[in-house]
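Visitor: Got a structure here, written out as structure tokens. Questions coming.
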Amino acid sequence: MSANTALAEKYRNNFLKEIEEQVEMGDWVKMCMQCGVCSGSCPTNFQSAWEHPPQELFMMIRAGKRDEVLTSTSMWNCTSCYNCIVRCPRKLPITHIMHGIAEYAHRIGLAPKMQATRFFSGLFWKNATKTGRVNELKLSMGLYFKNGFGSGVKEGMKMKDVAIGLVLAKRLNPLELFGGHKCKDQKGIQAMLKKAYEIERSRKAAKMAG
Amino acid sequence: MAKHEYAFYPGCSSQKGASASNYLTSVESMCKTLDVKLTEIPDWNCCGASIGYAEAGELPRHVMNARNFALSEKNLPGQEIVATCAACWLGARETRERLTHSDTLMADTREALKEAGLTINEMPNIRHMVEVLIEDLGFDEMKKHVVRPLEGVKIAGYVGCQTNRPFGVDGESFENPQYLDRMVEMVGAESIPEYEQKVTCCGGALAFSEPEKAQAQIKDIVESAYDHGAEMIVTPCPLCQANVEIYQGQINKTYGTKFNIPVMYYSQLMVVAYGGSAKDAALNGQMIKARRLEEIAAKPVKR
Amino acid sequence: MADIKVAAYICKGCGLGERLDADALVKIAQKDGKVPLAKSHDFLCNADGVAMIKNDIANEGVTHIMIGACSRRAKTEAFFFPENAVARANLREGVIWIRPDTDEARETTQEMAEDYIRMGCAEVKAMTAPAGNAVTGSSKTLLVVGGGVTGMTTAIEASKTGYPVVLVEKSGALGGWAAKLYKRVPVHEPYKSPADTGVGELISQVLGDSNIKVYLNATVAKTDGAPGRFIVDIATESGATHTEDIGAIVQASGFDLYDMNKLPELGGGKSANVVDQAGLEALAVAAAAGDGVIRRPSDNQPVKSVVFVQCAGQRDPSGTHLAYCSGYCCNTSIKQAMYFKDANPSVDTTIIYTDLRTPGNGEDFYRSAQEKGVIFTKGKVAEVVPGGNTSTVKFHDLILDDKDAAMLDVDLVVLATGQVPNSGINIDAPAATAEEGVVEVKPISILNLTYRQGKDVPQLKQGFTDSHFICFPYETRRTGIYTAGPVRRPMDIAQAREDATGAALKSIQALENAELGRAAHPRSGDLSFPKVRLEGCTQCKRCTVECPFGAIDEDEKRFPVFNESRCRRCGTCMGACPVRVISFENYSVNTVGAQIKAVDIPDEFSEKPRILILACENDAYPALDMAGMGRNEYSAFVRIIPIRCLGSVNTIWITDALNAGYDGVMLMGCKSGDEYQCHFVKGSELGRVRMSKIDDTLKTLNLESERVRDLEVAITDIERVPEMINKYAAELVAVGPSPFKGF
Ligand code: SF4
Ligand code: SF4
Ligand code: SF4
Ligand code: SF4
Ligand code: SF4
Ligand code: SF4
């Protein structure tokens, strides 16, 4: 049984409860009063990129639309601009809920596989935690090559002017590919993160059991 | 001894050869003038920035920031942590708030930190560089050092998101913060307080992953600056700076515009106004060169 | 009236002395005003000035006083001479403050002031000091009709203030709807859970109060008289009638729930498992008496899922059901959802709403329900389909724009149907023609008034009793009778209690005023009252029909009988009377007519038109005064006379003015109609109906219709009024001078 089916089974008919227990800040979803201020404030909504703005996602959660929510690309479009947070009359930590739903969808394998931001997000974290610091070049290369080598060259070429400009301005170092910035105590960082994951996993499991 | 001392958290983008290295250079020279001493936290690590959320989960994210707190406490006891990057500042502050409000999270964090041989006893204050300037030094103090006012330069103060929300600078409104405009005036330039796009999102990390969406926003930000007759844009955030500056060429291709407006850090303006050279202000770090500033920086200082 | 002596006083303070020629004004008073005593003073309202006037009253035998100073609305305490007739010429707000201080304006400004002095002198001579109404009653007892929360609260509050109360309740017990509730919406911190109703305590307070006499199973069979001297017959179940002397009345006759049987599409009346909010309270009360579990009526199984349908039969734009929002039912549904959640969090409770209206602390209550896991879904319920023991609720999800959203297997559906007032007979409804075979259930009168104008208090909209909604919320159009609680507008318990307290105080004020022969609001304290010269009356009935307050009855010979204590002194009767036999001591066809005639009308070659403005004293006149305070300028060609109400305008004034050569007449009164702002409710409307016929008069005089202008003015129109005046003055220039000048 996959993680997804197990969870779906456990929370049968109660997607709101599932979100409350499994998603960071998820217990806030029920407090939304559907005023729509967040949707009206969300930049990605203006660019008509979104299937569902936050208000709608929260309503869908309450209406039990599990698959539609967790497979949506919507929360991946959040730019972390925090516009919604400061405006929500109910003080919902919307940005964090958006990230939380995304993380959950990713965790149980329902998130759209090739959603670019999801990919980038994962990449970023791996990039950052591997050495303790972000390697911007590897990060970009990784993103452009996500669809394989051929399209990677194409994506990379599109950004070529940008990259050359940055190199000239000494703000992107081609040598980063071979080493680059890193922390000294990488071992400590890895150990620390391993522990953190362990703790987090056991807490979530406890919630699921209880 | 310097007048003000802080533990410094430069963040990944400000490292040498990274996208905001010009920011770091100018901050260093600005701090020299203002007698502010920044001591880098030894072996600091990435803040995890908010875009890391998919993989990170809650605890690991906070643990990353907590490690920096612990290192600061161990090596620079009693000093507040200062960040120059909006995302670093935000991430660290968020961790601070969560850990302060949840005993469980705090205990879990300590347990993980133990693996790296570290611990936290006291929560540090997390400050953004502009907070230090405005609150600890004040506009009067900052202005005192201006020896080469940027007269006649019209500058759009682009505050962006993360230095403004959800925490922001104390006493400023989320919808129309004024401090950047005041800083522009402080260096003797002309501000545009009515610049509508001053808190519009630049697209953040989506500029990488979904460029069309981010660029649509950047276009609005730049266009409005032009509409108000700005010669350059100033910002306190590295991601804002990068996004607004480096995609102008692509935007021109997509929309047929002719954008070519320099995007500066407040620290660069200050260094030039304080009499520093183009090199001190890292003006060579601009993809779109700020000719007007370069000219001013070449002028002799009026003392 | 042989021994009247008039004195005129011209003030030179507040800049009047600099802007106007006071000596000339004194001379005008003597020469044109023909007053024997005329003086100016540097500062008339100060102790010395007032002492001068008092001295003249005491030693010079002055009976009538004309004060040329500030507006009659200013310095009322200084210029308070209750034994004398007093007129005020408004030289400050009405002249110097609305005119520019320039040399070229000086002449017209002075002319304006001189006319006001002439007018004041003429007016005061036509007045007498009001002596007060002699037909008073002194009953201090309050009648409260209705024994629900509103009625009981009124009774308790009045009794606490020291006034005896007679409370009449038609059912066999006190408590009304509130007594049937399991719990109420909380009114104290932290607003998180349903609270005890407190009705039991109210009931025992009423029953334990020796100052409150309670009639149960009783109705009001007859209400006769006027404030201070009502005589009320109370009919009891046994058939016996008790008569009580009453000073004032509070009608707290409450509401009924909108009948859910009218909502078959929502399952109303179709299934035992579809209830209204009262139905749910009954289930909750029954549960509380048993094991605490609310059960579905069809088979007594515990309810596991419940859906609340908000606005059922309410806010209906189609006209089929209630057009309004009852205001309380959102909170009630939230409370009822908590009945379930507090007992068992696993019960699914969904509230389907289009707008959730929980103002004030209701927001905290709403939030608390969200915290408890009540699901709020924004949607419009299209249909409730009952089947067996469960129902399907079909709705349009307004957020997800899903027209076919549905909730399945719902154990219980609660319809929030709202309040319908229990306000008695609609006295304004056209008399129903008896149709063969059709038995109309006629509403039963609540008060059974013997008034000529009908048995109950008038209604405004949707059957709610009329109350002066902007200024005086409890005032009905029947003086001394107040309505409170949901009969007046839909409301919840907290609002009803507040309403009851207000009405208790207002009714006490009314009976006290009645005893002293004084008017109630808005002319509170006024001692004048309409006097009729019956010798001249033609029995036309206009006054008895038009009086907005039902103050005038008819005697056996069909002559009008004025009930002074019911009268509000609006003057509508005076304006209506075709033979002008109705007047007040200090306000009459003559007092205004004399002013109109006193104005000096320059000839047609002078290029100085004259415009008469009759301005309502409640809104328009204060607005004009405030225009002056703000130094808004307006034309020097207007002459303004304050009137009690547009309803008091007698058409003779207009005809007189036009005949005298005025170029135009402006009438300024409050907004009329359903959204009225008239202080006398119907006064401005009646006045306007009367004035609509003025066109005929203009035709017979061969005058243009522009010569008379009717304007709605609110007290806030401070800047607009001067603009309207100036615009009208300009228009009249275009029309040309009146042909009647110089005749
Ligand atoms: S702003 Fe807040 S309350 Fe309003 S819809 Fe968005 S999340 Fe809900
Ligand atoms: S933080 Fe995310 S969800 Fe909120 S307004 Fe910004 S982009 Fe939209
Ligand atoms: S109070 Fe709520 S349920 Fe009642 S009519 Fe108004 S909106 Fe509808
Ligand atoms: S406070 Fe806001 S939500 Fe409440 S009634 Fe007023 S406008 Fe509506
Ligand atoms: S019309 Fe007005 S003044 Fe006349 S009796 Fe009625 S209330 Fe009194
Ligand atoms: S309006 Fe005048 S004439 Fe007519 S009934 Fe009344 S008092 Fe008599």
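The values are calculated or read from the model by the stated rules, or taken from the named source; none is laboratory data. This is a predicted model, so every value here is computed, not measured. Backbone-built Cβ (ideal geometry, glycine too); neighbour counts: all protein chains shown. Accessible surface areas use protein heavy atoms only, side chains included; no ligands, DNA or RNA. Shrake-Rupley method; radii C 1.70, N 1.55, O 1.52, S 1.80 Å.
Visitor: Within straight cross-link reach of B:K253, meaning Cα distance under 13 Å, which aspartates and glutamates are found once same-chain residues fewer than 8 apart are removed?
Guide: A:D161, B:E212
Visitor: Express in whole angstrom the spacing between the alpha-carbon centres of segment C:42-68 and segment B:38-73.
Guide: 87 Å
Visitor: Could you give me the radius of gyration and the Dmax of the protein assembly as shown, taking only the C-alpha atoms into account and expressing both in angstrom?
Guide: Over the protein assembly as shown's Cα set, Rg and Dmax evaluate to 40.6, 120 Å.
Visitor: Along the Cα-to-Cβ line of C:E111, 7 Å from the Cα, sits a label point; which residues in segment C:612-656 have backbone N less than 19 Å from it?
Guide: Inside the label zone: C:612-613, C:633-641.
Visitor: Roughly speaking, what is the stretch gain from B:N75 to B:E151, that is 0.36 nm per residue apart minus the C-alpha to C-alpha distance, in nm to one decimal?
Guide: Contour length minus Cα-Cα distance gives 23.1 nm.
Visitor: Okay, next question. What ranking, highest mean first, results for peptides B:212-224, C:16-28 when packing means the other Cβ atoms within 10 Å averaged over each residue?
Guide: Peptide ranking by packing, descending: B:212-224, C:16-28.
Visitor: Another one. Please report, in whole Å³, the volume per residue of the convex hull around the C-alpha atoms of segment B:147-298.
Guide: Cα convex hull per residue, to the nearest whole number: 100 Å³.
Visitor: Can you check how the C-alpha radius of gyration of chain C compares to 2.2 N^0.38 Å, as a plain ratio?
Guide: Taking N as the residue count of chain C, the ratio is 1.15.
Visitor: Okay, next question. According to the Kirkwood expression over distinct Cα-Cα pairs, how big is the hydrodynamic radius of segment C:250-325, in Å?
Guide: On the way: mean 1/r = 0.0705 Å⁻¹.
By the Kirkwood definition, the hydrodynamic radius is 14.2 Å.
Visitor: When Cβ neighbours within 10 Å are restricted to other protein chains, what is their mean count per residue of peptide B:198-204?
Guide: 5
Visitor: Need one value for A:68-80: mean number of C-beta atoms belonging to other chains within 10 Å of its residues' C-beta atoms.
Guide: 4
Visitor: A further question follows. Between segment C:241-266 and segment C:334-382, how far is it from one alpha carbon centroid to the other, in angstrom?
Guide: Computed from Cα coordinates, the inter-centre distance equals 29 Å.
Visitor: Next question, about the same structure. Across peptide B:111-118, how many C-beta atoms of other chains are within 10 Å of each residue C-beta, on average?
Guide: What the average comes to for B:111-118 is 6.
Visitor: For a bin width of 10 Å, list the pair-distance distribution of segment C:601-743 built from all Cα-Cα distances, rounded to whole %.
Guide: With a bin width of 10 Å, the distribution comes to 12, 43, 35, 9, 0.
Visitor: Treating each Cα of segment B:4-129 as an identical point scatterer and ignoring solvent, apply the Debye formula and state log10 I(q)/I(0) at q = 0.17, 0.23 Å⁻¹.
Guide: With one equal scatterer per Cα and no solvent, log10 I(q)/I(0) is -0.84, -1.41.
Visitor: Write down the Å³ per residue value for the convex hull defined by the alpha carbon atoms of segment C:10-60.
Guide: Considering the Cα atoms of segment C:10-60, their hull volume per residue is 62 Å³.
Visitor: Follow-up question, since we're still on this one. I'd like the projected area of segment A:1-55, averaged over all directions, using the convex hull of its alpha carbons. Report it in nm² with one decimal.
Guide: Answer in nm², one decimal: 4.9.
Visitor: To continue, here is another question. Roughly how many nanometres apart are two label points built 7 Å out from the Cα toward the Cβ at A:Q186 and C:L207?
Guide: In this crude spin-label approximation the distance works out to 8.6 nm.
Visitor: Length gain on complete extension for the stretch C:S171 to C:D555, per 0.36 nm per residue less the alpha carbon to alpha carbon distance?
Guide: 134.6 nm
Visitor: Same structure again: Need one number: % antiparallel among DSSP beta bridges in the protein assembly as shown, to the nearest 5.
Guide: About 30 percent, rounded to the nearest 5.
Visitor: Give the accessible surface of segment A:3-112 per residue, rounded to a whole number of Å², with probe radius 1.4 Å and ligands, DNA and RNA excluded.
Guide: 32 Å²
Visitor: What does the buried accessible surface come to for B and A, summed over both chains, with the probe at 1.4 Å? Round to 100 Å².
Guide: Its buried surface, counting both partners, is about 6000 Å².
Visitor: Round to the nearest 0.05 the FRET efficiency obtained for B:E97 and B:T254 when R0 = 41 Å and r is the Cβ-Cβ distance.
Guide: Given R0 = 41 Å and the Cβ-Cβ separation, E is 0.55.
Visitor: Given that compact globular proteins tend to follow 2.2 N^0.38 Å, what is the ratio of the alpha-carbon Rg of chain B to that value?
Guide: Values: Rg = 19.2 Å, N = 303, 2.2 N^0.38 = 19.3 Å.
Compactness ratio reported: 1.00.
Visitor: Mind scanning C:K531/C:K682; C:K12/C:K608; B:K258/B:K289; A:K17/A:K126; A:K91/C:K341; C:K5/C:K54 and naming the pairs with a C-alpha gap bigger than 19 Å? Let's see the in-between values first.
Guide: On the way: C:K531/C:K682 21 Å; C:K12/C:K608 26 Å; B:K258/B:K289 15 Å; A:K17/A:K126 30 Å; A:K91/C:K341 24 Å; C:K5/C:K54 14 Å.
Cα-Cα > 19 Å for C:K531/C:K682; C:K12/C:K608; A:K17/A:K126; A:K91/C:K341; rest within.
Visitor: What is the magnitude of the charge dipole of the protein assembly as shown about its Cα centre, with +1 placed on the Cβ of each Lys and Arg, -1 on the Cβ of each Asp and Glu, and no other charges, expressed in debye to the nearest 20?
Guide: Using only the charged Cβ atoms, the result is roughly 2900 debye.
Visitor: Convert 37 °C to kelvin, take the viscosity as 0.692 mPa s, use the Kirkwood radius over C-alpha pairs of segment C:585-630 as Rh, and evaluate the Stokes-Einstein diffusion coefficient in µm²/s, rounded to a whole number. Don't skip to the answer; put the middle values down first.
Guide: On the way: Rh = 13.0 Å.
Calculated translational D: 253 µm²/s.
Visitor: Give me D for segment C:632-678 in µm² s⁻¹, whole number, from Stokes-Einstein with Rh from the Kirkwood sum over alpha-carbon pairs, 20 °C and 1.002 mPa s.
Guide: Translational diffusion coefficient: 170 µm²/s.
Visitor: May I pose another question? Quickly estimate the mean residue ellipticity at 222 nm for chain C, helices only: each DSSP H run with n ≥ 4 gives -39500 (n - 2.57), and the total goes over all residues, rounded to 500.
Guide: -8500 deg cm²/dmol
Visitor: When the Cα centres of segment B:174-250 and segment C:193-218 are compared, how far apart do they sit, in Å?
Guide: Spelled out, the Cα-based centre of one part sits 67 Å from the other.
Visitor: I've got another one for you. Exactly which trypsin sites (Lys or Arg not before Pro) in segment C:502-575 are in a DSSP loop and have at most 13 other Cβ atoms within 10 Å?
Guide: Passing both the DSSP loop test and the Cβ count: C:R533, C:K557, C:R558.
Visitor: Which of the peptides C:266-277, C:608-619 is most tightly packed, and how do the rest follow, going by the mean number of other Cβ atoms within 10 Å of each residue?
Guide: In descending order of packing, they fall as C:608-619, C:266-277.
Visitor: Normalised by the empirical 2.2 N^0.38 Å for globular proteins, what value does the Cα Rg of segment B:93-206 take? Mind dumping the intermediate values first?
Guide: Working: Rg = 18.8 Å, N = 114, 2.2 N^0.38 = 13.3 Å.
Relative to the rule-of-thumb radius for its length, segment B:93-206 sits at 1.41.
Visitor: Could I ask something else about it? Between C:E265 and C:D603, what is the label-to-label distance in nm when each label sits 7 Å out along the Cα-to-Cβ direction?
Guide: 7.6 nm
Visitor: Which whole-number value in Å³ per residue fits the convex hull of the alpha carbons of segment A:3-112?
Guide: Enclosed volume per residue, from the Cα hull, is 80 Å³.
Visitor: Place a +1 charge on the Cβ of each Lys and Arg in segment C:601-743 and a -1 charge on the Cβ of each Asp and Glu, then give the dipole magnitude about the Cα centre in debye, rounded to the nearest 20. Intermediate values should be presented prior to the final figure.
Guide: Values: 16 positive and 22 negative charges, 62 e Å.
In debye, rounded to 20, segment C:601-743 gives about 300.
Visitor: Just the number please: accessible area per residue for segment C:1-142, 1.4 Å probe, all protein chains included, in Å².
Guide: 43 Å²
Visitor: Any chance you could get the radius of gyration and Dmax over the Cα atoms of segment C:178-222, in Å?
Guide: Answer for segment C:178-222, Rg first and Dmax second: 14.9, 47 Å.
Visitor: How many nm is it between the label spots at C:E18 and C:N55, if each spot is 7 Å from the Cα in line with the beta carbon?
Guide: Roughly 2.8 nm, to one decimal.
Visitor: Give the span of segment C:1-129's Cα atoms along each principal axis, as three whole-Å numbers ordered largest to smallest.
Guide: 44, 29, 22
Visitor: Let me have the 222 nm mean residue ellipticity of chain B computed from DSSP H runs of 4+ only, each contributing -39500 (n - 2.57), with the sum over all residues rounded to the nearest 500.
Guide: -13000 deg cm²/dmol
Visitor: Another one. What is chain C's relative contact order, in percent, from Cα pairs under 8 angstrom and six or more apart in sequence?
Guide: With pairs under 8 Å counted, the relative contact order is 12 percent.
Visitor: I would also like to ask the following. Assuming R0 = 41 Å, what is the FRET efficiency of C:I652 and C:E104, from their Cβ-Cβ distance, to the nearest 0.05?
Guide: Numbers: r = 37 Å, r/R0 = 0.90.
Result of the calculation: an efficiency of 0.65.
Visitor: Further question on the same structure: Round to the nearest 0.05 the FRET efficiency obtained for C:E237 and C:A278 when R0 = 25 Å and r is the Cβ-Cβ distance. Please list the in-between numbers first.
Guide: Details: r = 24 Å, r/R0 = 0.98.
With a Förster radius of 25 Å, E is 0.55.
Visitor: What is the diffusion coefficient of segment C:310-405 in µm²/s, taking the Kirkwood radius over Cα pairs and the Stokes-Einstein relation at 4 °C with a viscosity of 1.567 mPa s?
Guide: 90 µm²/s
Visitor: Given Cβ point charges of +1 (Lys, Arg) and -1 (Asp, Glu) and nothing else, what value in debye, to the nearest 20, does the dipole of segment A:3-112 about its Cα centre take?
Guide: 260 debye
Visitor: Which three lengths, in whole Å and largest first, does segment C:174-293 cover when its Cα atoms are put on their principal axes?
Guide: 52, 38, 27
Visitor: In addition: Show which lysines lie in cross-link reach of C:K160 when reach means a straight Cα distance below 28 angstrom and same-chain residues fewer than eight apart are skipped.
Guide: Correct list for C:K160: C:K140, C:K170, C:K180, C:K183, C:K213, C:K222, C:K506.
Visitor: Right, next: Got a sec? Charge dipole of chain C, +1 on Cβ for Lys and Arg, -1 for Asp and Glu; which of C:V420, C:I53, C:A282 is way out at the positive end?
Guide: With unit charges placed on the Cβ atoms, the residue in question is C:I53.
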